[in-house]
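J.: Here it is: the structure, laid out below.
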Amino acid sequence: MHFTFVNPTVIHFGKGQISAIQSAIPASSKVLVIYGGGSIKRNGVYEQLAKALEGHQWLEFSGVEPNPTRETMDKAVAIVKEQGVDFILAVGGGSVIDGSKFVAAAAKYDGDSWDIMTGKHTVSEALPVGAILTLPATGSESNSAAVVTYAAEQSKRGFFSPAVQPKFAVLDPDVMKTLPEHQLLNGIVDAWVHICEQYLTYPTGNMVQEGYAESLLKNLLVLGAQFGERDNDAWRANLMWTANQALNGMLASGIPHDWATHMIGHELTALWNVDHARSLAIVQPSLLRDQLDAKRAKLEQMGRNVFGFADADDLAAKTIDAIESFYQSLGVDTQFVAPDMTKAQAIDAVITKLEENGMVAIGEHQAITPEVTRRILDSAFQ
């Protein structure tokens, strides 16, 4: 328990809070509104933000993909530089917000934008970013991380910088009303695995972070069991806030991290465009079974404190089965069949990409090598 924690993002939570951007963005700013496929023009969000931006100078950029590509975001960077934009407003889910962070950083860099993702350029300055969250899942609206895909190279990478931490985030659960069912399911799974990556390592004695992680996981179990009530205002609000708390930096403070499931899952997305959350559900159960001995104490703790299991010799294995059953109860697959490839070819493709990206010693003990990953994928792939 040795850490420094601060989260400077101002959260405006609740119905009607989109109006808060009127005062949250300086009146003198020239704003680029970045969004995805246009759903914000069908769910009332665009109308609300247009009203809130009255008196501001603003323009818009649409077409951000579910897994944002540098190819698309580079087009937004060009607009920012050509038009003298000095504030980025991301309107969407984690993909739009991540892509907007990339734009905010690249706008202050004259080199190849992908240098940001490879680490050749360390981001020390960026345009200010604000966010209106429409899809709860990643917590990107109040953290300093972003993940972007380079489609031409089938590469998916992330970067961290306090410079891209959103200045504010609007979380209005009312905008979730029109979300497709599969996106809500993805939100539950994504938040669940985010928590697990910070919790399922080894005991730390950190009662606050561990206890809070367990409370958030229990929230998601309830929300999953009550998925039929997803049109309820309280259900939407609780998912939105739980997903935010899962990755706003608090759980990450003073504890070990894993993130191996994410590193492997990213390659499934880069290679086959698997939804981010669903790539995690495919990888995690097999990874946990492979790493059962190293994670036994925390798996047993999770079994007792999250699932309510009694002590037993097989408690850790039972907990992994319960996690997998949770995904399956949501209709989310935990096995993968690669299109147009044999199982062996698919595993080789993932291992190759991981090695290219330097992901050869991942997990909280850096013990997941390509050989271990191969074992994990042999179990997860069909």
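The values are calculated or read from the model by the stated rules, or taken from the named source; none is laboratory data. Note that the structure is predicted; figures quoted are calculated from it, not measured. As a convention, Cβ positions derive from the backbone with ideal geometry for all residues, glycine included, and neighbour counts pool all protein chains shown. Ligands, DNA and RNA are stripped out before the accessible areas are found, and what is left, the full protein with its side chains, is counted by its heavy atoms. Shrake-Rupley method; radii C 1.70, N 1.55, O 1.52, S 1.80 Å.
J.: Name the residue, out of T122, T149, T138, that is farther than 26 Å from K15 by Cβ, assigned to a loop (DSSP other than H, G, I, E, B) and hydroxyl-bearing (S, T, Y).
T.: After applying the criteria, what remains is T122.
J.: Sticking with this one: Condition (residue is under 13 Å from the mean Cα position of the chain (by Cα) and crowded, with 22+ Cβ neighbours inside 10 Å) applied to region 121-134: is it met by at least one residue?
T.: Looking through region 121-134, at least one residue is under 13 Å from the mean Cα position of the chain (by Cα) and crowded, with 22+ Cβ neighbours inside 10 Å.
J.: Only one of (1) farther than 25 Å from G16 by Cα; (2) open to solvent by less than 60 Å² (accessible area, probe 1.4 Å) is not met by Q183, so which one is it?
T.: (1)
J.: Being open to solvent by 10 Å² or more (accessible area, probe 1.4 Å) and out of contact with any Pro (no Cβ under 6 Å at 6 or more places or on another chain) is true for just one of V147, V193, V164, V103. Which residue is that?
T.: V147
J.: Can you pull out the helices (runs of 4 or more DSSP H) entirely within region 1-95 that have at least 2 residues that are buried (at least 21 other Cβ atoms within 10 Å of the Cβ)?
T.: In region 1-95, 45-52, 70-83 are the helices (runs of 4 or more DSSP H) which contain 2 or more residues that are buried (at least 21 other Cβ atoms within 10 Å of the Cβ).
J.: Could you list, in sequence order, all residues of region 226-244 that are open to solvent by 20 Å² or more (accessible area, probe 1.4 Å), touching a residue at least 12 places away in the same chain (Cβ under 8 Å) and under 21 Å from C196 (Cβ atoms)?
T.: Listed by number, the residues that qualify are F227, N238, W241.
J.: Also: Run V283 past the list (1) open to solvent by 10 Å² or more (accessible area, probe 1.4 Å); (2) in a helix (DSSP H, G or I); (3) not polar (S, T, N, Q) and report the number of the one that doesn't hold.
T.: That leaves (1) as the condition not met.
J.: A follow-up question, please. Only one of these conditions is not met by D110: (1) open to solvent by less than 40 Å² (accessible area, probe 1.4 Å); (2) out of contact with any helix residue (DSSP H, G or I) (no Cβ under 8 Å at 6 or more places or on another chain); (3) of a type outside the set (F, W, Y). Which number is it?
T.: All conditions pass for D110, except number (1).
J.: Looking only at region 92-135, which residues are of a type in the set (A, V, I, L, M) and touching a residue at least 60 places away in the same chain (Cβ under 8 Å)?
T.: Once the filter is applied, which keeps residues that are of a type in the set (A, V, I, L, M) and touching a residue at least 60 places away in the same chain (Cβ under 8 Å), region 92-135 yields V96, I97, V103, A104, I132, L133.
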